[in-house]
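Q: The following block contains the structure, expressed as structure tokens.
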Amino acid sequence: MTTDLNAGRSPLDLESPHSIPVTATATPGGEAPDVDTGPLAYARAQLSDAIAVLDLDQGVYSMLANPRREMTVSIPLRRDNGDVEVLTGHRVQHNVSRGPGKGGLRYSKDVTLDEVRALAMWMTWKCALVDVPYGGAKGGVRFDPKRYSREEVQRVTRRYTSEIIPIIGPTQDIPAPDIGTDEQVMAWMMDTYSASQGYTVLGVTTGKPLALGGSLGRPTATSLGVAHVALAALSHLRRRPTATAAAVQGFGKVGRGAARYLWEAGVKVVAVSDEYGAIFNAGGLSVPDLEAYVAISGTVLGFDDSEDLNDRDALLYLEVDLLIPAAVEGVLHGENADRVHASLIVEGANGPTTPAADEIFRANGQLVVPDILANAGGVIVSYFEWVQANQAYWWSQTDVENRLRERMERAWHRVLEYAATHRVSLRLAATVLAVDTVTTAHLTRGLYP
Ligand code: GLU
């Protein structure tokens with residue numbers, strides 16, 4: 001498909017400018033990428049590959065390479081000791097053509113605007129790929145919540161929320177948990193937003209506690225989805241779960257559940273890591289015992305039935321069949337990808353594999369199930385939560401989990417079929433399908449005015 005986006009017109013003008021809130025800062029449309037390393041460069045490179053396959057023109061690339069809307073805010077925080085510190089927060093809406101922006105809120109000392117832009121772009125593709133009626137968005141506040149009291153985290157959350165109120169809402173942009181945030185943070189956001197409206201707005205965030213309109217099955221949705229596609233990919237490779245050894249990087253919201261569900265399916269989980277280090281047992285770790293241990297100790301290190309690996313990253317290079325990176329971006333890159341033995345890599349994290357690593361895995365015949373497919377379970381059940389909240393009618397856990405499995409398996413088969421037919425990687429297949437969906441929606445809406 002070739003499109004003419006009207007030379008001279010900013011691609012950001014494709015939709016009505018009247019919907020843009022006054023406080024949003026405009027992003028320059030169509031400008032060349034200003035970074036060549038880091039998540040935004042990788043996300044743009046993936047987009048560029050998809051644009052080439054779809055034979056779309058540069059105007060479409062520029063439109064999709066830049067966020068539709070972004071807001072950067074200062075968050076003055078009164079510390080418990082009376083000191084005042086000013087944090088920086090962002091909310092980026094990459095695309096809202098198919099519906100409200102949707103995506104998590106990250107609290108981490110490593111948050112940058114470019115990282116949030118990349119994560120927002122991946123949310124756009126993820127929502128399109130699994131056919132939930134949202135665009136993509138992401139938020140981040142640059143601080144380490146573990147170094148702050150719970151009261152301080154609450155104050156950061158409420159102040160950040162109040163600053164971004166003009167651009168969020170159940171029909172505008174719906175935050176959810178991500179690294180460093182949880183259901184309590186979503187409850188505080190929902191409460192702050194609701195106070196500003198004068199009534200309770202359950203649909204403004206997802207990943208909320210059950211008592212406040214959360215959905216059964218949401219806390220485990222991402223990891224269950226990762227396990228569904230990992231098992232589907234193993235079956236595609238004609239490998240039995242019980243004959244599979246796996247390593248899981250990250251033992252947080254995603255990695256812990258993925259390890260648990262794979263262990264339940266008979267996979268031998270031989271290694272896991274967290275921010276403090278990695279542990280290994282060639283015979284397989286008992287994941288339920290490990291979960292109980294971590295609940296008390298706060299780390300996987302020192303777990304009885306295991307040895308500590310000296311180097312946390314050594315986990316990536318173990319002789320395993322399945323590797324699940326479920327921590328942060330960019331951990332598999334051009335310098336280390338050829339040390340990875342796993343024949344199957346399932347991305348629990350967003351953006352763990354750089355384009356250079358993708359090339360190496362492809363050349364070595366290693367299968368990578370991309371993030372926008374593998375970890376889409378979270379946003380799928382976020383969508384279910386939003387639907388339930390809007391209807392004020394809640395489903396059973398079985399209902400939620402059956403619908404989740406159906407969507408994950410449908411997306412897996414669609415991506416696999418496209419990849420096989422066009423002889424491309426699963427990442428390119430998934431990105432092409434998603435970009436095509438978003439572009440079709442965008443161009444069908446047309447240029448405004
Ligand atoms: N943070 C999750 C993700 O990266 C969930 C987003 C959501 O549910 O909106 O997919």
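Bear in mind that the values in this text are calculations on the coordinates, not laboratory data. All figures in this text were calculated on a predicted structure; none of them were measured in a lab. Virtual Cβ from ideal backbone geometry, glycine too; neighbours counted across all protein chains shown.
Q: Using the structure shown, decide if Ser215 is without any contact (Cβ under 8 Å) to a residue 24 or more places away in the chain and either crowded, with 19+ Cβ neighbours inside 10 Å or out of contact with any Pro (no Cβ under 6 Å at 6 or more places or on another chain) (or both).
A: So Ser215 does not fit the description; no.
Q: Looking at segment 344-365, which of its residues are of a type outside the set (Lys, Arg) and surrounded by fewer than 19 Cβ atoms within 10 Å (Cβ to Cβ)?
A: Pro355, Ala356, Glu359, Ala363, Asn364, Gly365
Q: Which of (1) under 24 Å from Phe384 (Cα atoms); (2) surrounded by 24 or more Cβ atoms within 10 Å (Cβ to Cβ); (3) aromatic (Phe, Trp, Tyr) is the odd one out, the single condition Phe251 does not satisfy?
A: (1)
Q: Would you say Gln197 is over 19 Å from Val387 (Cβ atoms), within 16 Å of the ligand (Cβ to nearest atom) and polar (S, T, N, Q)?
A: No, not satisfied.
Q: Here's something else I'd like to know. Which helices (runs of 4 or more DSSP H) sit wholly inside segment 347-431 and have at least 1 residues that are within 16 Å of the ligand (Cβ to nearest atom), within 29 Å of Thr37 (Cα to Cα) and touching a helix residue (DSSP H, G or I) at 6+ places or on another chain (Cβ under 8 Å)?
A: Correct list: 371-374, 377-391.
Q: Follow-up question, since we're still on this one. For the structure I just gave you, tell me whether Gly139 is within 11 Å of the ligand (Cβ to nearest atom), surrounded by 23 or more Cβ atoms within 10 Å (Cβ to Cβ) and touching a residue at least 60 places away in the same chain (Cβ under 8 Å).
A: Taking the combined requirement at face value, the residue does not satisfy it.
Every residue, every condition in (1) in contact with a Leu (Cβ under 8 Å, 6 or more places away or on another chain); (2) within 12 Å of the ligand (Cβ to nearest atom); (3) farther than 16 Å from Leu105 by Cα, yes or no:
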site	(1), (2), (3)
Arg147	no, no, yes
Arg155	yes, no, no
Ile167	no, no, no
Gln172	no, no, no
Asp178	yes, yes, no
Gly203	no, no, no
Gly207	no, yes, no
Thr220	no, no, yes
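Q: A further question follows. Would you point out the residue of segment 220-237, among those that are of a type in the set (Ser, Thr, Tyr) and part of a helix (DSSP H, G or I), that is nearest to the chain's Cα centre (by Cα)?
A: Thr222
Q: For segment 238-342, which strands (runs of 3 or more DSSP E) that fit wholly inside it have 1 or more residues that are in contact (Cβ under 8 Å) with a residue 60 or more places away in the chain?
A: Of the strands (runs of 3 or more DSSP E) lying wholly inside segment 238-342, those with at least 1 residues that are in contact (Cβ under 8 Å) with a residue 60 or more places away in the chain span 245-249, 322-325.
Q: Can you pull out the residues in segment 271-292 that are buried (at least 20 other Cβ atoms within 10 Å of the Cβ) and either farther than 27 Å from Gln366 by Cα or of a type in the set (Val, Ile, Thr) (or both)?
A: Selection gives Val272, Ile279, Val287, Leu290.
Q: Can I ask one more? Please go through segment 91-127 and give me each residue that is part of a helix (DSSP H, G or I) and within 13 Å of the ligand (Cβ to nearest atom), ordered by number.
A: Hits for segment 91-127 are Glu115, Val116, Ala118, Leu119, Ala120, Met121, Trp122, Met123, Thr124, Trp125, Lys126, Cys127.
Q: Let me ask something else about it. Among the residues of segment 157-184 satisfying the criterion of being in a helix (DSSP H, G or I) and touching a strand residue (DSSP E or B) at 6+ places or on another chain (Cβ under 7 Å), which is surrounded by the most Cβ atoms within 10 Å (Cβ to Cβ)?
A: Tyr160
Q: Being polar (S, T, N, Q) and closer than 21 Å to Ala221 by Cα is the filter here; which residues of segment 156-202 pass it?
A: Thr181, Gln184
Q: State which residue is surrounded by the most Cβ atoms within 10 Å (Cβ to Cβ) when the search covers only segment 79-102 and only residues that are charged (D, E, K, R) and without any contact (Cβ under 8 Å) to a residue 12 or more places away in the chain.
A: Glu85
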